[in-house]
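Reviewing the structure listed below.
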Amino acid sequence: MKIQHQVLLLALVAVIWGCTGKTGEELLAEGMQALREGKSGSAIVLLRSALDKEQNNSEVRYQLAHAYVAEGKFELAEREYLKVRHQNPDRAAIALDLAGVYVHLKKPDQAILQAEEYLAGKPDSADAREVIGKAHAMRGELREAESSLLQACRIEPGKQSAILALASLYLRQERAEEARTLLGGIIAKTPLHVKANNLYAEAELALGRKRSARAIYQRLVDGNHDDYQALYRAGLLDLELGETAQAARTADTLVSRFPKHAEGYRLKGFVLFAAKRYPEAIAVLQSANRLQPTIAGYYYLGLSLFGTGDLETALNQFRLILDRQPDFHQARMMTGVILLRQKRIDDAVAEVSRLVEADPGNALAHNLLGSAYMAKGMYVEGLRALDRSIALNPGLIDTYLKKGMIHLSQGKVGAVEADLATAVKTAPDAVHARLILSAFHLYRNNHAKALSTLGEGLSDQVTDAALHAGMARILFSEHRNAEAIRQLQKAKEKDTNSIDPYFLLADHYTVTGDADKALAEYGAVLRKQPANLQALLRMAALLDDRTRHDEARALLLKAKESREPAAYVALAHHHERGGRLQEAQAVYAEALGVLPRSTIILEEQGRLYLKNGQYAEALKSFDAIETISPEAGIPLLVAAHRSRNNRAEAIKAAQRAIEAKPAASFGYLLLASLYADQSNFDPAMAELKKAMDRDRRNPQPALALAGLQAKAGNHDQALATCNTVVRTFPQYAPAYAALAGILDARGEKKEAVKQYRAALSLAGSYLPALNNLAQLCADGFCGRDEALRLAERASAIAGDSPEVLDTLGYALLKNGRLDEALTQLRKAEARLAGNPTIQYHLALVHAARGEQKQAVERLQAALRSPEFDEAAQARRLLAKLN
């Protein structure tokens, strides 16, 4: 190393010494020659010396900027180009040079501005079109990027840099076959073209052809023995293909031939990790990270440290990753697991809550959050999180404990039940395992088994409190209220520190309309835990309902000190209900100062802007969500455009989703829904068929097609489509629920009940089946007591949903509990104002209470809306009351 350094130093001294006796013109000529020979470092020295002699020579400065570009020093290049432009404003090529620099500096807006300026004088410039295409791709504008790159290729056929950029774009859009076609043309002319071969290998990997990709990397290595990157990628593929011995040999080759590069050590670390040789893996991964830190290096070092039980050092590695890349969800997941293992439960809950907020559709994250709550002793919250996990993905089998760690299985239901039962048998006093097994039985809708699983674990210990609370939860769902309350009293006696019994009792009293008792339970929680966020928020909501607004606001301000999104949202809703919209927006602005990437806050802010008629501001909020999570942001943008009948922009947003992920069904479903809004059934069905073709493992597009067929009046086709989904995905509960919905619409109510029951036998927490079956039961097609049990179960999963609150209120009405029904229906009305079905159900309650005037007013309000399902019944009741 020292000898090489001295040689380099002497060479630079020689260049500098040689510069002193030469003219500026001679130095410029030598600098340009060095640049042509690829010696950009020497060129910079020569050109800077020339510039010292001739400060105002714009040509020297221009060539120096080129040298900086060749050396990858783009900020310095930008500075010199701007100086040249100042000296010589008519030099048109500067705009194109600057555009290229801005692409490297990731400043796409400035790149487009400069390239378009150049195009004004030279409209047929392929280089400018290429730069514009790359800049659009950087901004996520994939359709515009493709158009510009195709123009560049048409202007200059065979332009390799544009072809490579276009192939990269196609790979980003999951259009691997098109990328292969483009790249094949380059490789046919230049078989060892490094970038083209690497992109071709990426395309092969995207198509699942790992061995073909491995062969491409080997071809590059054979053609250039110094291509350590190709050798490294070949080794990674060997590891993926299970050829660990070959991967180990490749790692050794890399280490011996390229000891100053990290790739060999990193690959060796991966091989050792796969072999569970964790201490050795740690040593080589640390060497790799010293040479070149990477996210993968930190991640596998963290996993290896975790494997040795060194949890704190492993945690440090995952923290390093999250500092650099906060959206690396696996690192946050492992952080949560470690914090749980360290019994830092509050930290674990906070960390996993961030994961849930960043990726709300991640069923695994909700499962981990459930385990964190359970470890904290918050069994009700834990089971709710598990319910949410199931609701997100009914096919996902619950987490369970195995050898003290959370273990996820997606195997057959019988095998999972056996595993859970084994976990309970091997540690019969393990409350956590027993609760999860009970939750699994509830998921399978087997209430008796869920109850007996908990009862068998009672051992006259403090841990019995959790079991009593779990039993109460099941008894409440079966409407065995007196027994449930007795279980909760036992839970309070067994563990005086547990807060779960208070929450369950408060929930029960809230549903039954006894607000004073519910407030007393929340008060008891706050005496034990004054900062308990859930107690603060729920107590505030009850106080608001009873018009005790000042007391509610005081609790919400206390809750806001937690800096949790839910607290800010609750305080903003409080202001909104009081008509103080500016104060509500101020709360969201404050929240975003603390949590700038909170999609929950951004969504609520955008919703309030829409409510207040501030369409442009709402779009900004939803645009911000799209940059964080396209699958969360784009539907909000589509809904916002729909609300203003801005159909063209809504379609553009849906198309953007398709361009971003053409192999996923998400965008096609959105676009189909927009066509369906206008009853354009043919194009809507065409989009759904594209989704079915591109995403064959996803049953959702086929179910959407069935819904569209039913809407178009083709019920036989819709039933056939649903039955096909049921045959193809026999364990998929939503397919049975969709089938039930179509049967219900055809008037085949009893057959619909059967199909809803089939859905719940597969996933007892599937919300649409719970809610819709409760409606049918309330209407007399099954037991009305069952209607109430199902509606309360749905409310426990999604108590803020106006549809669920409406169903619960209707079920309470049918069971003669009029005051409670009125409470729930008013809550539904507050969340979905003007809905005719809710108005009709409120009219039924008022009529049953003898409040004729209120009933008539509600019916008139309902019938002012367009046609709704209960319109005929509403007209008959109004005629009768009049």
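Things worth noting here:
- Restricting Gly133, Gly158 to residues that are surrounded by fewer than 19 Cβ atoms within 10 Å (Cβ to Cβ), under 29 Å from Ala663 (Cα atoms) and small (Gly, Ala, Ser) narrows the list to Gly158.
- The stretch 751-780 residues that are over 20 Å from His841 (Cβ atoms), paired with ones that are among the basic types (Lys, Arg) and part of a helix (DSSP H, G or I) (beta carbon under 6 Å, 6 or more apart): none
- Any hit, the stretch 832-839, residues being modelled with pLDDT under 90, in a helix (DSSP H, G or I) and under 30 Å from the mean Cα position of the chain (by Cα): no
- All conditions but one from (1) in a helix (DSSP H, G or I); (2) under 27 Å from Lys276 (Cα atoms) apply to Lys343; the one that does not is (1).
- Looking only at the stretch 583-626, and only at residues there that are assigned to a helix (DSSP H, G or I) and touching a residue at least 60 places away in the same chain (Cβ under 8 Å), the one that is farthest from Gly140 (Cα to Cα): Ile600
- Of everything listed in (1) surrounded by fewer than 19 Cβ atoms within 10 Å (Cβ to Cβ); (2) within 22 Å of Ser438 (Cβ to Cβ), the single unmet condition for Ser765 is (1).
- Single residue of the stretch 640-663 satisfying the filter (small (Gly, Ala, Ser) and in contact (Cβ under 8 Å) with a residue 40 or more places away in the chain) that is surrounded by the fewest Cβ atoms within 10 Å (Cβ to Cβ): Ala663
- Condition met for Asp516 (of a type in the set (D, E, K, R), loosely packed, with under 14 Cβ neighbours inside 10 Å and more than 24 Å from Leu812 (Cα to Cα)): no
- Identity of the residue in the stretch 700-735, assigned to a helix (DSSP H, G or I) and of a type in the set (Ser, Thr, Tyr), that ends up nearest to Asn680 (Cα to Cα): Thr721
Yes or no, residue by residue, for (1) more than 19 Å from Val131 (Cβ to Cβ); (2) part of a helix (DSSP H, G or I); (3) aromatic (Phe, Trp, Tyr):
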residue	(1), (2), (3)
Leu27	yes, yes, no
Ser42	yes, yes, no
Asn56	yes, no, no
Glu59	yes, yes, no
Arg91	no, no, no
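- Flag for Ala847 being crowded, with 17+ Cβ neighbours inside 10 Å and either in contact with a strand residue (DSSP E or B) (Cβ under 7 Å, 6 or more places away or on another chain) or of a type outside the set (Val, Ile, Thr) (or both): yes
- Pair list, Cβ under 6 Å, 6 or more apart: the stretch 161-176 residue within 16 Å of Arg694 (Cβ to Cβ), other residue modelled with pLDDT under 90 and not in a helix (DSSP H, G or I): Gln173/Pro662; Glu174/Pro662; Glu174/Ala663; Ala176/Leu207
- Applying the criterion of being more than 35 Å from the chain's Cα centre (by Cα) and part of a loop (DSSP other than H, G, I, E, B) to the residues of the stretch 218-260, the residue that is surrounded by the most Cβ atoms within 10 Å (Cβ to Cβ) is Asp227.
- Extreme residue, nearest to His86 (Cα to Cα), among residues of the stretch 18-57 that are crowded, with 17+ Cβ neighbours inside 10 Å and of a type in the set (Ser, Thr, Tyr): Ser49
- Residue check for Asp682: closer than 24 Å to Ala663 by Cβ, part of a helix (DSSP H, G or I) and at pLDDT below 85: no
- Residues considered: Gln110, Gln87. Of these, the only one that is surrounded by fewer than 21 Cβ atoms within 10 Å (Cβ to Cβ), farther than 30 Å from Ser147 by Cα, modelled with pLDDT of 85 or more and not aliphatic (A, V, I, L, M) is Gln87.
- Qualifying residue in the stretch 118-126 (condition: in contact with a Lys or Arg (Cβ under 7 Å, 6 or more places away or on another chain) and under 26 Å from Arg233 (Cα atoms)): no
- For Tyr373, the conditions (1) outside any helix (DSSP H, G or I); (2) at pLDDT 75 or above all hold with the exception of (1).
- Only one of Phe273, Phe318 that is out of contact with any Lys or Arg (no Cβ under 9 Å at 6 or more places or on another chain) and either of a type outside the set (D, E, K, R) or on the phi > 0 side of the Ramachandran plot (or both): Phe273
- In this structure, Asp695 does not satisfy being acidic (Asp, Glu), at pLDDT 90 or above and surrounded by 18 or more Cβ atoms within 10 Å (Cβ to Cβ).
- Residues that are part of a loop (DSSP other than H, G, I, E, B) and over 41 Å from the mean Cα position of the chain (by Cα), drawn from the stretch 843-869: Arg849, Gly850, Glu851
- Glu803 being surrounded by 18 or more Cβ atoms within 10 Å (Cβ to Cβ), acidic (Asp, Glu) and over 24 Å from Leu703 (Cβ atoms): no
- Residue check for Glu564: surrounded by fewer than 21 Cβ atoms within 10 Å (Cβ to Cβ) and under 34 Å from the mean Cα position of the chain (by Cα): no
- Cβ separations smaller than 8 Å between residues 6+ apart or across chains give the following pairs from the stretch 812-835 residues that are of a type in the set (A, V, I, L, M, F, W, C) to residues that are part of a loop (DSSP other than H, G, I, E, B) and surrounded by fewer than 18 Cβ atoms within 10 Å (Cβ to Cβ): Leu818/Arg849; Leu822/Arg849.
- Flag for Leu536 being under 25 Å from Leu825 (Cβ atoms) and surrounded by 17 or more Cβ atoms within 10 Å (Cβ to Cβ): no
- Odd one out for Gly140, checked against (1) small (Gly, Ala, Ser); (2) closer than 24 Å to Ile163 by Cα; (3) in a helix (DSSP H, G or I): (3)
- Scanning the stretch 779-786 turns up no residue that is outside any helix (DSSP H, G or I) and touching a Lys or Arg at 6+ places or on another chain (Cβ under 6 Å).
The values are calculated or read from the model by the stated rules, or taken from the named source; none is laboratory data. Note that the structure is predicted; figures quoted are calculated from it, not measured. A quick note on method: Cβ atoms are made from the backbone with ideal geometry, for glycine too, and the neighbour counts reach across all protein chains shown.
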